[in-house]
Amino acid sequence: MKYAYYPGCSLQESAREFDVSVRAVMAALGVELVDIPDWTCCGASAAEPVSALMNYALPARNLALAEQELPGLDVLAPCSACYLNLLKVNREVVGNKDLHARVNEALGASGLNYRGTVGVRHILDVLVNDIGLDPIKERIVNDLGGMRVSAYYGCQILRPYEVFDDPRHPVSMDNVLSALGAKPLPWDMGNKCCGASLMVTHPEVAMHSVAAILGAADGSDAVATVCPLCQMNLEAYQHDSAAGGHHVPILYLTQLMGLAFGLEEPSVLLDKNMSMDGSMRAGIRSRAWRHEAPGEGDETLARET
């Protein structure tokens, strides 16, 4: 199994633990990731207000490079924002004759042309639909032993395009967590927006969303996510009084997978997570939740969905 890999900017800086753990987990599963040569920023949420054409041309450039240099490979984009930006090229540019021509005119300045033949995949899609849950179970060395995890999908992999999961009731990450031996907790916040970049422009709005999500995650041993911006918002602002004083580790799904696969903590950069203090790290290291008395924590599972 082989994919053209698009890490995106966040995974090279603020979310390095996501990139490192993705690469480690995929290698453990026998998946080959080939970085797209000379990839560049997809524009994320910043390009659209500046230029509608740039909003499409930036992600299209990376798809054109994959199409030219790595023909026949789907593009794997772990970052939710990158996934959405790349996907919208196929959904909104390809098939729109005029827009496609304008985008290719822009790409032509660097000798590129995008024909529209590259599949864009998110890591959850690949894990569930290409690799499958049984191979994931077979790779487990030390399962998560009933760890209570709230699966937080965010919004960008679910909306506006319904591709591999139900945007109203997503289950893909819950299924992977169950395969790892974790206990996904029922809640109704997994598909809610964390406020995203509003934390910069309208922090009071974003903080309200963060507080609601963290409050609903009370009782969790961890929150699992697959979005760098969601991870940052939920982790970095936990100690702000406006977030309600809720403290819980915010881990990438691939970090949890790495731990279950028997990878050492440095292999998934667990020390890079700001929400991981010494006691939380010790609890994860010892699988502290294994030692709960029968029935303990059942009140958490009774939360309404």
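Inspect all residues belonging to segment 18-38 and state whether any of them is more than 19 Å from the chain's Cα centre (by Cα), more than 16 Å from LEU76 (Cβ to Cβ) and at pLDDT 95 or above.
Yes, segment 18-38 contains a residue that is more than 19 Å from the chain's Cα centre (by Cα), more than 16 Å from LEU76 (Cβ to Cβ) and at pLDDT 95 or above.
Against the conditions (1) touching a Pro at 6+ places or on another chain (Cβ under 9 Å); (2) not assigned by TED's automatic domain parsing to the domain that holds PRO228, where does CYS155 fall short? Just the number, please.
Single failed check for CYS155: (2).
Determine which member of the set ALA64, ALA52 is free of Cβ contacts under 8 Å to residues at least 40 places away in the same chain and either buried (at least 24 other Cβ atoms within 10 Å of the Cβ) or not acidic (Asp, Glu) (or both). Before you say what the answer is, go through the steps one by one.
On the way: ALA64 fails: free of Cβ contacts under 8 Å to residues at least 40 places away in the same chain.
Result: ALA52 is the single residue among ALA64, ALA52 that is free of Cβ contacts under 8 Å to residues at least 40 places away in the same chain and either buried (at least 24 other Cβ atoms within 10 Å of the Cβ) or not acidic (Asp, Glu) (or both).
So how many residues does segment 148-194 have that are of a type in the set (Asp, Glu) and without any contact (Cβ under 8 Å) to a residue 24 or more places away in the chain? Don't jump to the end; show me each part of the working.
So the first thing to find is which residues in segment 148-194 are of a type in the set (Asp, Glu), and the list is 162, 165-166, 174, 188.
Now drop any that are not without any contact (Cβ under 8 Å) to a residue 24 or more places away in the chain, which leaves 162, 166, 174.
Selection size over segment 148-194: 3.
Inspect segment 173-194 for any residue being crowded, with 22+ Cβ neighbours inside 10 Å, within 21 Å of SER14 (Cα to Cα) and of a type outside the set (Val, Ile, Thr) and give the result as yes or no.
Yes.
Give the residue, chosen from PRO78, PRO37, that is assigned to a loop (DSSP other than H, G, I, E, B) and without any contact (Cβ under 8 Å) to a residue 40 or more places away in the chain. Steps first, answer last, please.
Values: PRO78 fails: without any contact (Cβ under 8 Å) to a residue 40 or more places away in the chain.
Unique residue meeting the criteria: PRO37.
Can you tell me how many residues within segment 262-280 are assigned to a helix (DSSP H, G or I) and either closer than 14 Å to ARG16 by Cβ or modelled with pLDDT of 85 or more (or both)? I'd like the intermediate steps shown before the answer.
In the first step, residues of segment 262-280 are kept if they are assigned to a helix (DSSP H, G or I); the result is 265-268, 270-272, 278-280.
Filter once more, so that each one left must be either closer than 14 Å to ARG16 by Cβ or modelled with pLDDT of 85 or more (or both): 265-268, 270-272.
Of the residues in that region, 7 qualify.
Of the residues LEU144, LEU127, only one is within 14 Å of THR254 (Cβ to Cβ) and part of a loop (DSSP other than H, G, I, E, B); which?
Selected residue: LEU144, the only one of LEU144, LEU127 that is within 14 Å of THR254 (Cβ to Cβ) and part of a loop (DSSP other than H, G, I, E, B).
The values are calculated or read from the model by the stated rules, or taken from the named source; none is laboratory data. None of these values were measured; they are calculated from a predicted model. Don't worry about glycine lacking a Cβ; one is built from the backbone with ideal geometry, like all the others, and counts go over all protein chains shown.
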